[in-house]
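Worksheet: the structure to be examined is printed underneath.
What follows draws every value from the coordinates through simple rules; no lab data is involved. Being a predicted model, the structure only gives us computed values, none of them experimental. Cβ placement follows ideal geometry from the backbone for every residue including glycine, while neighbour counts extend to all protein chains displayed.
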Amino acid sequence: MATKREPVVEDRDVVLLGRLAEAVGDLRTEVEKRIVGQRQVVDGLLTSLLANGHALLVGVPGLAKTLLISTLADALALKFSRIQFTPDLMPTDITGTEVIEEDRSTGRRTFRFVRGPIFANIVLADEINRTPPKTQAALLQAMQERSVTAAGQTYALEPPFFVLATQNPIEQEGTYPLPEAQLDRFMLELRIDYPSRAEEEEIALRTTGADEAEIRPALSAGELIELQRLVRRVPAPPSLIAFAVRLARATRPGDSEASAISRRYVRWGTGPRASQFLILGAKARAATDGRALPTFEDVRAVAPLVLRHRLVLNFEAEADGRDADDIIEELLRESRAWT
């Protein structure tokens, strides 16, 4: 009778895991030269980056979201592009457009594609909910396909390609909230909170002086791509895959494996991307610690970031003052009995 093979880690990958853990430490050090605190957010960004996924940052203005992302780009020596989303932004303002050029010697006119700001390695989509759905869709299609099509011609986006979108949770006037199907394309939702008093004093000290931190690249583009491939090769035991899938299915109120709290408060649960990203996030988290195998705790650690923007709650949840994080917290408590 056939038996399931135990996960195997190659010797070369063990060496690369050590390099990955070292690189992550260097990246944290470089980012901390400009960013005070927000360690969990930084770790979430690195997890998403190594898993080759995109991330959504939610936080009020003035919490250094843009500075954090541009600093990460500097520490990776990658091309950085910032797109300020506004109500009048058009899809071609993101992807690029064709222009007519005339050859002065012959008078012949030809079309030339001028690439838009999406053609970068790290793209900051600032206040993505301030632009209409048509323009949002242009960005999200590029995120999914990692290419842009214009006038029948497809242009590949050069790897690594990482989109970080920001949303302001307190301003809703004149905004276009992302539909659930589009939110699902973001691997993680990272919430940036106010700094502590000590952190805010440190921020005030650093940003009101004459000194400016110099960021040194900790990884090249080629090294990052190699480490992203390594994360994919990190083996996930069958028991871990089963656990991640069960956790995702527990959010679906119509499923036989649904949790009682999901049946009560959830209108729509998470789709299969949640299972995939739970596993990839656990792999990336283990790899950043230099570990060859992810654990159930790795899945639990990334679960709030993976699941919170994928849950659609019902009216009863709103009436009872329950949010997605409350549901996930209860699910994770229940999951202790599964292992």
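Between the helical axis of 324-335 and the longest alpha-carbon principal axis of the chain there is an angle of about 40 degrees. Taking the number of Cβ atoms within 10 Å of each Cβ as an exposure proxy, the fewest-first ranking of GLU329, GLU189, GLU212 is GLU212, GLU329, GLU189. You can think of it this way: the chain between ASN168 and ARG229 has 18.7 nm of extra reach, that is 0.36 nm per residue less the Cα-Cα gap.
By definition, a body whose alpha carbon gyration tensor gives a ≥ b ≥ c is prolate when a/c is 1.5 or more and a/b is larger than b/c, and segment 1-149 fits this prolate description.
Subtracting the Cα-Cα distance of ARG333 and THR208 from their residue separation scaled by 0.36 nm leaves 40.5 nm.
Within the listed set GLU214, GLU127, GLU22, the residue fluctuating most in the Gaussian network model of the chain (springs between alpha-carbon atoms under 10 angstrom) is GLU214.
Shown for SER105, SER239: other C-beta atoms within 10 Å of each C-beta, ranked fewest to most, produce the order SER105, SER239. Mean sequence separation of contacting Cα pairs (under 8 Å, at least six apart), scaled by the length of the chain, corresponds to a relative contact order of 22 percent.
Among ALA260, ALA303, ALA282, the largest mean-square fluctuation in a Gaussian network model of the chain, built with springs joining Cα atoms closer than 10 Å, belongs to ALA260.
Considering only the Cα atoms of segment 191-234, their convex hull presents on average a projected area of 5.6 nm². Compute the angle between helix 221-233 and the longest alpha-carbon principal axis of the chain, please, reported from 0 to 90 degrees and rounded to the nearest 10. Its long axis makes an angle of about 30 degrees.
Mean residue ellipticity, 222 nm, helices only, the chain: the sum of -39500 (n - 2.57) across DSSP H runs of n ≥ 4, divided by residue count and rounded to 500, is -14000 deg cm²/dmol. Highest mobility in the GNM of the chain, judged by mean-square fluctuation with C-alpha springs under 10 Å and restricted to VAL123, VAL299, VAL114, is found for VAL114. Seen against the Cα atoms of the chain and their longest principal axis, helix 272-288 is set at about 90 degrees. Among beta bridges identified by DSSP and lying wholly in the chain, the antiparallel ones come to about 45 percent. Dipole of segment 191-328 computed with +1 at Lys/Arg Cβ and -1 at Asp/Glu Cβ about the Cα centre; of ILE215, ILE241, PRO195, farthest Cα towards the positive end is ILE241. For segment 234-339, the dipole from Cβ point charges (+1 on Lys and Arg, -1 on Asp and Glu) about the Cα centre works out to 380 debye, to the nearest 20. Here the extension length gained between LEU293 and ARG273 equals 5.1 nm, from 0.36 nm per residue of separation less the Cα-Cα distance. Ordering MET143, MET90, MET187 from the fewest to the most neighbouring beta carbons within 10 Å gives MET90, MET143, MET187.
Relative to the Cα centre, the charge distribution of segment 85-240, modelled as +1 at Lys and Arg Cβ and -1 at Asp and Glu Cβ, gives a dipole magnitude of about 880 debye. Ranking MET90, LEU183, ASN168 by Cα position along the charge dipole of segment 8-233, where only Lys, Arg, Asp and Glu carry charges on their C-beta atoms, puts MET90 farthest toward the positive end. Which one, LEU139, LEU124, LEU63, is farthest towards the positive end of the dipole of segment 1-154 when Lys and Arg carry +1 and Asp and Glu -1 on their Cβ? With unit charges placed on the Cβ atoms, the residue in question is LEU139.
Taken about its Cα centre, the chain carries a charge dipole of about 1140 debye when Lys and Arg each add +1 at the Cβ and Asp and Glu each add -1 at the Cβ. Under 11 Å from a label point set 7 Å out along the Cα-to-Cβ vector of PHE111, no amide N atom of segment 118-145 is found.
How high is the FRET efficiency between ALA260 and TYR176 when r is their beta carbon distance and R₀ equals 51 Å, given to the nearest 0.05? Given R0 = 51 Å and the Cβ-Cβ separation, E is 0.90.
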